[in-house]
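> Attaching a single structure in structure tokens format; questions to follow.
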Amino acid sequence: MRWRMRRAGPDDASALSLVASASFLETYATELAGADIVAHCLKNTGVELFTRWTTDPSTVVTIAEHEPGHAPIGYTVLTAPDFPIDTRPTDIELRRIYILAQMQGTGLGKALMARAREDAAAIGRERILLGVYEHNYRAHAFYERQGFTRIGERRFAVGAATYTDPVYARGV
């Protein structure tokens, strides 16, 4: 598989929203109630959110596109940390790192992670934090292979269900 990665802008908001909803549905269709998935996606993966992120100078959004054709296949979002744990001024949160299921195992996840680390370092951040669904063991294993360690936890709600998700960290 061939892909390209680039900094996303406001014109990419619709494509980012589409990948966000699709990958959330792919990942959680067998884990969460359908109505909860739809409500979550409508609230947390909309075009408006990605427009806001791509125009915020303190947020870095990277889009991955399939070559040729430039169809969106993944993305990352680096933002100010939003965790119920002590954070440092030089921390940044990898709020999202999503790829479509057909891209798993191609190296795209590793490439997006490497790009996120480069982007974080370029803006003077020293540590990346991320939260992950407590039952997404494949993601846990990926982050641990990437050098992340657990440093805490947070409560995260999807629909009526609340989960206790681990928070991971690693230096850039």
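The values are calculated or read from the model by the stated rules, or taken from the named source; none is laboratory data. Keep in mind that this is a model prediction, so the values were computed, not measured. Counting neighbours? That spans all protein chains shown, and the Cβs are built from the backbone with ideal geometry, glycine included.
> Given the conditions (1) small (Gly, Ala, Ser); (2) surrounded by fewer than 19 Cβ atoms within 10 Å (Cβ to Cβ); (3) over 13 Å from the mean Cα position of the chain (by Cα), report the number of the one that Ala169 does not fulfil.
The one condition Ala169 does not meet is (2).
> Search region 97-140 for residues being outside any helix (DSSP H, G or I) and of a type in the set (Ser, Thr, Tyr), and hand back the single one that is farthest from Ser58 (Cα to Cα). Explain how you work it out, then say what you get.
Taking region 97-140 as the starting set, the residues that turn out to be outside any helix (DSSP H, G or I) are 97-100, 104-107, 123-136.
After this cut, where a residue has to be of a type in the set (Ser, Thr, Tyr) as well, the list is 98, 106, 133.
Details: Tyr98: 20, Thr106: 30, Tyr133: 25 Å.
So the residue we want is Thr106.
> Among the residues of region 19-45, write down those that are surrounded by 15 or more Cβ atoms within 10 Å (Cβ to Cβ) and polar (S, T, N, Q).
Listed by number, the residues that qualify are Ser21, Ser23, Thr27, Thr45.
Yes/no per residue for (1) surrounded by 15 or more Cβ atoms within 10 Å (Cβ to Cβ); (2) under 21 Å from Tyr28 (Cα atoms):
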residue	(1), (2)
Ile85	no, no
Thr90	no, no
Met103	yes, yes
Met113	yes, no
Ala116	yes, no
Ala121	no, no
Gly124	no, no
Tyr133	yes, yes
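> What's the number of the only condition in (1) more than 17 Å from Arg96 (Cα to Cα); (2) touching a His at 6+ places or on another chain (Cβ under 6 Å) that Val158 fails to meet?
Against the list (1) more than 17 Å from Arg96 (Cα to Cα); (2) touching a His at 6+ places or on another chain (Cβ under 6 Å), Val158 comes up short only on (1).
> Determine whether Tyr143 is touching a residue at least 40 places away in the same chain (Cβ under 8 Å) and either part of a helix (DSSP H, G or I) or surrounded by 14 or more Cβ atoms within 10 Å (Cβ to Cβ) (or both).
Working: touching a residue at least 40 places away in the same chain (Cβ under 8 Å): no; either part of a helix (DSSP H, G or I) or surrounded by 14 or more Cβ atoms within 10 Å (Cβ to Cβ) (or both): yes.
It is false that Tyr143 is touching a residue at least 40 places away in the same chain (Cβ under 8 Å) and either part of a helix (DSSP H, G or I) or surrounded by 14 or more Cβ atoms within 10 Å (Cβ to Cβ) (or both).
> Test Leu16 against the criterion of being surrounded by fewer than 21 Cβ atoms within 10 Å (Cβ to Cβ) and hydrophobic (A, V, I, L, M, F, W, C), and give yes or no. Outline the logic, then answer.
Values: surrounded by fewer than 21 Cβ atoms within 10 Å (Cβ to Cβ): no; hydrophobic (A, V, I, L, M, F, W, C): yes.
It is false that Leu16 is surrounded by fewer than 21 Cβ atoms within 10 Å (Cβ to Cβ) and hydrophobic (A, V, I, L, M, F, W, C).
> For region 1-88, which fully contained helices (runs of 4 or more DSSP H) count at least 3 residues that are free of Cβ contacts under 8 Å to residues at least 40 places away in the same chain and under 25 Å from Arg138 (Cα atoms)? Can you show your working first?
On the way: elements: 13-28, 34-44, 47-55.
So the answer is 13-28, 34-44.
> How many residues does region 146-160 hold that are loosely packed, with under 14 Cβ neighbours inside 10 Å and among the basic types (Lys, Arg)?
2
> Looking only at region 72-97, count how many residues are modelled with pLDDT under 95 and aromatic (Phe, Trp, Tyr).
1
> Right, here's the next one. Given the options Leu129, Leu112, Leu100, name the one that is among the aliphatic types (A, V, I, L, M) and touching a Pro at 6+ places or on another chain (Cβ under 8 Å).
On the way: Leu112 fails: touching a Pro at 6+ places or on another chain (Cβ under 8 Å); Leu100 fails: touching a Pro at 6+ places or on another chain (Cβ under 8 Å).
Every option except Leu129 fails the conditions.
> I need the full set of residues from region 15-66 which are more than 27 Å from Ala120 (Cα to Cα) and of a type in the set (S, T, N, Q), in order please.
If we filter region 15-66 for residues that are more than 27 Å from Ala120 (Cα to Cα), which is where we start, we get 25-26, 28-40, 42.
Answer for region 15-66, where residues must be more than 27 Å from Ala120 (Cα to Cα) and of a type in the set (S, T, N, Q): just Thr30.
> Residue by residue through region 87-129, note down the ones that are polar (S, T, N, Q) and over 15 Å from the mean Cα position of the chain (by Cα). Don't jump to the end; show me each part of the working.
Here is the first cut: in region 87-129, the ones polar (S, T, N, Q) are 87, 90, 102, 104, 106.
Within region 87-129, Thr87, Thr90, Gln102, Thr106 qualify.
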